[in-house]
Amino acid sequence: MAFLRLKWISADLLASVCHMKRAVCPGSFDPVTLGHLDIIERASAQFDEVVIAVLVNRTKSSMFTVNERMEMITKTTAHLPNIRVDSWSGLLVEYCKSKDIQSIVKGLRAVTDFDYELQMAQVNLQASGVETMFMATAPAHSFLSSSLVKELAHYGGDVSSMVPKIVNEALKARVAESGN
Ligand code: PNS
């Protein structure tokens with residue numbers, strides 16, 4: 001009987017009962033790059049579970065749908081057993097609260113990221129007590145961003161060293177579809 005009841009305990013509840021260390025890596029991931037994957041892999045080594053949350057950034061227009069972005073992340077993180085992919089439209093801290101997530105992990109590429117990221121981390125801390133942990137981007141990826149990748153791909157540039165193979169293919173297909 002107890003087993004039958006346990007079957008219905010959600011992953012979120014189970015995680016909080018077991019005091020698992022959980023973090024969220026939030027972002028637009030439009031599309032996921034090798035820089036994102038480096039941060040995701042390193043975060044997965046530090047926490048029991050890491051949720052990759054595809055969020056809507058109201059200041060950016062997107063090339064891929066949320067479902068397409070989630071699918072690309074799911075495929076490229078399949079080798080990491082403690083990664084979960086999810087989406088959310090709303091405040092990040094509300095997501096953390098609803099999923100019992102205590103930490104936000106963000107990659108910092110350069111000092112240009114710092115002002116905005118610090119502001120968001122402070123607002124999120126004040127609003128909810130959720131901590132933000134910054135991870136230094138590996139130097140090889142310090143120039144890399146999804147926006148740059150999309151710009152290059154749009155003009156037929158080679159982005160194969162910046163994104164996983166399936167993302168490169170998806171970019172080529174999307175650029176060909178858009179016809180400009
Ligand atoms: O990959 P991005 O676009 O730099 O990610 C930014 C993102 C989506 C993580 C950020 O815009 C965000 O957290 N959006 C959710 C809404 C929210 O919580 N906004 C308040 C931040 S102070």
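The values are calculated or read from the model by the stated rules, or taken from the named source; none is laboratory data. All values reported here derive from a predicted model rather than from experimental measurement. Every residue, glycine among them, receives a Cβ derived from its backbone with ideal geometry; neighbour counts consider all protein chains shown. In case anyone asks, the SASA skips ligands and DNA or RNA and just uses the protein heavy atoms, side chains included. Shrake-Rupley method; radii C 1.70, N 1.55, O 1.52, S 1.80 Å.
Phi angles of segment 129-141 translate, via the Karplus equation with coefficients 6.51, -1.76, 1.60 and θ = phi - 60°, into HN-Hα couplings of x, 6, 7, 10, 10, 9, 10, 5, 5, 4, x, 4, 10 Hz per residue; Gly and Pro are given as x.
Applied to segment 49-65, the Karplus parametrisation 6.51 cos²θ - 1.76 cosθ + 1.60 on θ = phi - 60° returns per-residue 3J(HN,Hα) values of 9, 10, 9, 8, 9, 7, 10, 8, 9, 5, 8, 10, 8, 10, 8, 10, 6 Hz, with x for Gly and Pro.
Sort the following peptides by mean Cβ neighbour count (other Cβ atoms within 10 Å, averaged over residues), highest first: 55-63, 27-35, 155-163.
Values: 55-63: 12.2, 27-35: 22.8, 155-163: 13.9.
The peptides rank, most packed first, as 27-35, 155-163, 55-63.
Of the chymotrypsin sites (Phe, Trp or Tyr not before Pro) found in segment 91-153, those in coil by DSSP whose Cβ has at most 15 other Cβ atoms within 10 Å are PHE143. With R₀ set to 22 Å, the beta-carbon distance separating ILE166 from ALA140 gives a calculated FRET efficiency near 0.65. If you run the Gaussian network model on the chain, springs between alpha carbon atoms under 10 Å, then out of HIS19, HIS36, HIS154 the most flexible one is HIS19.
Surface exposure of the chain, expressed per residue as accessible area with a 1.4 Å probe, stands at 58 Å².
The value of relative contact order for segment 18-141, using C-alpha pairs under 8 Å at least six residues apart, is 30 percent. In terms of Cα atoms, the Rg and Dmax of segment 18-141 work out to 13.6, 39 Å.
Filter LYS60/LYS172; LYS21/LYS150; LYS106/LYS150; LYS60/LYS150; LYS97/LYS165; LYS99/LYS165 down to the pairs with a C-alpha to C-alpha distance above 23 Å, please. Present the calculation step by step, with values, prior to reporting the outcome.
On the way: LYS60/LYS172 20 Å; LYS21/LYS150 34 Å; LYS106/LYS150 21 Å; LYS60/LYS150 12 Å; LYS97/LYS165 35 Å; LYS99/LYS165 32 Å.
In this structure, LYS21/LYS150; LYS97/LYS165; LYS99/LYS165 exceed 23 Å between Cα atoms.
A cut-off of 5 Å between modelled amide H atoms, ignoring neighbours fewer than 5 places along the same chain, links GLY107 with MET135. Taking amide H atoms as placed 1.01 Å from N in the peptide plane, the amide H of GLU131 lies under 5 Å from those of ILE104, each 5 or more residues away in sequence or on another chain.
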